[in-house]
1. Keeping to segment 1-27, report how many residues are under 17 Å from VAL63 (Cα atoms) and not basic (Lys, Arg).
2. Quick one: in segment 27-42, of everything that is among the basic types (Lys, Arg) and surrounded by 10 or more Cβ atoms within 10 Å (Cβ to Cβ), which residue is farthest from the chain's Cα centre (by Cα)?
3. Restricting the search to segment 1-10, which residues are small (Gly, Ala, Ser) and open to solvent by 50 Å² or more (accessible area, probe 1.4 Å)?
4. I'm trying to understand the selection: among the residues of segment 108-138, which are free of Cβ contacts under 8 Å to residues at least 12 places away in the same chain and over 22 Å from ARG92 (Cβ atoms)?
5. Do we find that VAL17 is open to solvent by less than 40 Å² (accessible area, probe 1.4 Å), at pLDDT 90 or above, in contact with a Ser or Thr (Cβ under 9 Å, 6 or more places away or on another chain) and aliphatic (A, V, I, L, M) in this structure?
6. Could you list all residues from segment 78-126 that are crowded, with 17+ Cβ neighbours inside 10 Å, among the aliphatic types (A, V, I, L, M) and over 20 Å from SER44 (Cα atoms)?
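The values are calculated or read from the model by the stated rules, or taken from the named source; none is laboratory data. Being a predicted model, the structure only gives us computed values, none of them experimental. Cβ coordinates were reconstructed from backbone atoms using ideal geometry, including for glycine residues, and neighbour counts include every protein chain displayed. Only protein heavy atoms, including side chains, enter the accessible area calculation; ligands, DNA and RNA are left aside. Shrake-Rupley method; radii C 1.70, N 1.55, O 1.52, S 1.80 Å.
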Amino acid sequence: MSTTQSERLRGLLEPLVAARDLDLEEIEVTPAGKRRVLRIVVDSDEGVQLDECAELSREASQVLDDSDAMGGAPYTLEVTSPGADRPLTELRHYRRATGRLIKAQLTAEAGGGELVARITAVDEDGLDLEVPGVKGRKPTARRVSFDEIAKARVELEFSRKSDKRDAQHDEKIDENDENKEEA
């Protein structure tokens, strides 16, 4: 996609996305046979619902039809949220991943290598992390500045072990359920 087309599309679509309190993460035009696919990726701190994507798609389609930003060739419009494996590149991405496990490739200046840890806090300068303990050891805290991270992604967890707070919360729910049954 040419820079001018990208800029024109961003200029047309950004106000629609911002009006819904969403962030425009990416605009991508790719060839698909005789057609093209225009993919608009949006996100927010609360996530993006399917209905929001559908409504934004209708609005974007109307705006694009009224302009010549996509030219005369046919295209397919997709409005989506970022996938779980998208790279963490912006401060807001890290903030949204607080509490999640990430895998970060560290820069050579930071010693290189890979770091898998849970984000406990984020500020303008970097991340506070909890590095899981190995072989029964307790987790350790670590601070990493953004300039020490070459790239990072959220790690998908299918069976996250609950911490003490989760266990206490579950016990309270069980107690409440038992009290309801007795009543």
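1. Residues in segment 1-27 being under 17 Å from VAL63 (Cα atoms) and not basic (Lys, Arg): 15 in total.
2. ARG35
3. SER2, the sole residue that qualifies.
4. Answer for segment 108-138, where residues must be free of Cβ contacts under 8 Å to residues at least 12 places away in the same chain and over 22 Å from ARG92 (Cβ atoms): ALA108, GLY111, GLY112, GLY113, GLU114, GLY133, VAL134, LYS135, GLY136, ARG137, LYS138.
5. no
6. Within segment 78-126, ALA104, LEU106, LEU115, ALA117 qualify.
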